[in-house]
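The values are calculated or read from the model by the stated rules, or taken from the named source; none is laboratory data. Just so it is clear, the model here is predicted, and its values are computed rather than measured. No Cβ is skipped: glycine too gets one built from the backbone with ideal geometry, and neighbour counts run over all protein chains shown.
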DNA sequence: CGGCGGCATTGACACAAATCAACGGCGCCA
DNA sequence: TGGCGCCGTTGATTTGTGTCAATGCCGCCG
């Protein structure tokens, strides 16, 4: 079973590869599974290649000397990890940690550069991908810089809906919060206690129903409205 | 006088262009000057092409419906603006506003795509550039999410040193803060009053000397140390 | 010239969020 | 089976920033 299965590939930048290149990829790639909690690479490490996420959820976390910490990016199935330092020719600037058990394929920098040289379209698709990633990073920068914890939490739930939301036949939306309160807090630049309180406040206002790590939302519009019009109307 | 002068070009991604392509660039480009305060494009606008900054300083600002606002990026001489939406195939997600009088060259999207198709190396250099921009965005995201206003201010001064710092013969460093307190505040996700107070506090601690928009730093090490070891030692 | 508007600073105060502390629940494994 | 450690919540309290208001400064323009 090749790591780069067609099902996943066609939705990613790897769709640019020719059959020969797919063959090269599959020969060079090293795949393994990582349990939750495992660290894939550490900030400061030299970047030896990149990691294609076949399945699972990974967080890129930055930490400083005082222990202050924040999650700067999430990587889902089909995403690629480590491309930023590879392309910028830098060391890793974040630590990658598995949030949900993952299957990850490593591809070394030399192979990657060979593919980029032989296939300009691959570079163009990476360009598009990284441009979107920059847009998301700037969006979250804006949110943390300008919005309240409550609003940031709602943005986070809406964001997680893309990958962890399911809608039942009667239109009710369920969103799984796929990580601890601590990690949710690090995603929005807050403390776990503040996340707990904000979630309860939003629940008390009838915007969602929380049980454990699952959020039930009856009227997603009411959530979205608060993002656009603020609390009061 | 062609817009893409060799002096600036060789330090940017445009160094990849062949003489023919430079010629095409110079034929297609439209240059003009913008006074401070002028808006170059507005968030939500379709992206019609990109803007090469021959001189000046530009801020990319995000604003929401409630008027909350933050500066998500600065663009200096030699930088290119608008490449993110162009490459991500999105509309502009920020408003570009001139901070210091600028000379800017506009190059339309069709020309740009033609250059990218004819010259893969241009794409590779953009890839490298945008990868670094993503690194900077994530660094600032971490700072706003995890650090105090005081620390963020120091980071900002150190950042501005790259483009607005000069060192005298006796080793004293002068950094110009090239914008209003309001804009400084929007760069770090704070209020102008908080910026004023933080600057005064840092000055009271003898780490810098502030007069108007110029900061004098005698021992840059002491500033940098605070970033790595915190306030106390 | 005089006055208006934006900039910067400062003080008093309010408030959102952090901190500190305590508790119950749960999984894990010695 | 018991206990240790992490998770999640809640309460009490502190504190860093935001908010509001007043002032002085300066540049600009009628």
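Quick check, is residue A:141 more than 13 Å from every other protein chain (Cβ to nearest Cβ), in a helix (DSSP H, G or I), surrounded by 19 or more Cβ atoms within 10 Å (Cβ to Cβ) and touching a strand residue (DSSP E or B) at 6+ places or on another chain (Cβ under 6 Å)?
It is false that residue A:141 is more than 13 Å from every other protein chain (Cβ to nearest Cβ), in a helix (DSSP H, G or I), surrounded by 19 or more Cβ atoms within 10 Å (Cβ to Cβ) and touching a strand residue (DSSP E or B) at 6+ places or on another chain (Cβ under 6 Å).
Identify all residues within region B:59-76 that are surrounded by 18 or more Cβ atoms within 10 Å (Cβ to Cβ) and more than 10 Å from chain A (Cβ to nearest Cβ); write none if there are none.
If the condition is that a residue be surrounded by 18 or more Cβ atoms within 10 Å (Cβ to Cβ) and more than 10 Å from chain A (Cβ to nearest Cβ), then B:59, B:74, B:75 are the ones that fit.
May I ask you to list the residues in region A:196-233 that are more than 14 Å from chain B (Cβ to nearest Cβ), without any contact (Cβ under 8 Å) to a residue 12 or more places away in the chain and within 16 Å of DNA strand C (Cβ to nearest atom)?
If the condition is that a residue be more than 14 Å from chain B (Cβ to nearest Cβ), without any contact (Cβ under 8 Å) to a residue 12 or more places away in the chain and within 16 Å of DNA strand C (Cβ to nearest atom), then A:197, A:200, A:203, A:204, A:205, A:210, A:211, A:212 are the ones that fit.
Consider region B:111-135. How many of its residues are in contact (Cβ under 8 Å) with a residue 60 or more places away in the chain and part of a helix (DSSP H, G or I)?
Qualifying residue count for the region: 13.
Determine whether region B:114-132 contains at least one residue that is surrounded by 17 or more Cβ atoms within 10 Å (Cβ to Cβ), at pLDDT 95 or above, within 16 Å of DNA strand C (Cβ to nearest atom) and closer than 30 Å to residue A:147 by Cβ.
For region B:114-132, residues surrounded by 17 or more Cβ atoms within 10 Å (Cβ to Cβ), at pLDDT 95 or above, within 16 Å of DNA strand C (Cβ to nearest atom) and closer than 30 Å to residue A:147 by Cβ: absent.
Being under 16 Å from the mean Cα position of the chain (by Cα) and within 16 Å of DNA strand D (Cβ to nearest atom), is that true of even one residue in region A:136-144?
Initially, region A:136-144 is screened for residues under 16 Å from the mean Cα position of the chain (by Cα), giving A:136-141.
Next, only the ones that are within 16 Å of DNA strand D (Cβ to nearest atom) stay: A:141.
Checked region A:136-144: at least one residue is under 16 Å from the mean Cα position of the chain (by Cα) and within 16 Å of DNA strand D (Cβ to nearest atom).
Given A:193, A:186, which one is within 14 Å of DNA strand C (Cβ to nearest atom), in a helix (DSSP H, G or I) and within 13 Å of another protein chain (Cβ to nearest Cβ)? Let's see the steps before the verdict.
Numbers: A:193 fails: within 13 Å of another protein chain (Cβ to nearest Cβ).
That would be A:186, the only listed residue that is within 14 Å of DNA strand C (Cβ to nearest atom), in a helix (DSSP H, G or I) and within 13 Å of another protein chain (Cβ to nearest Cβ).
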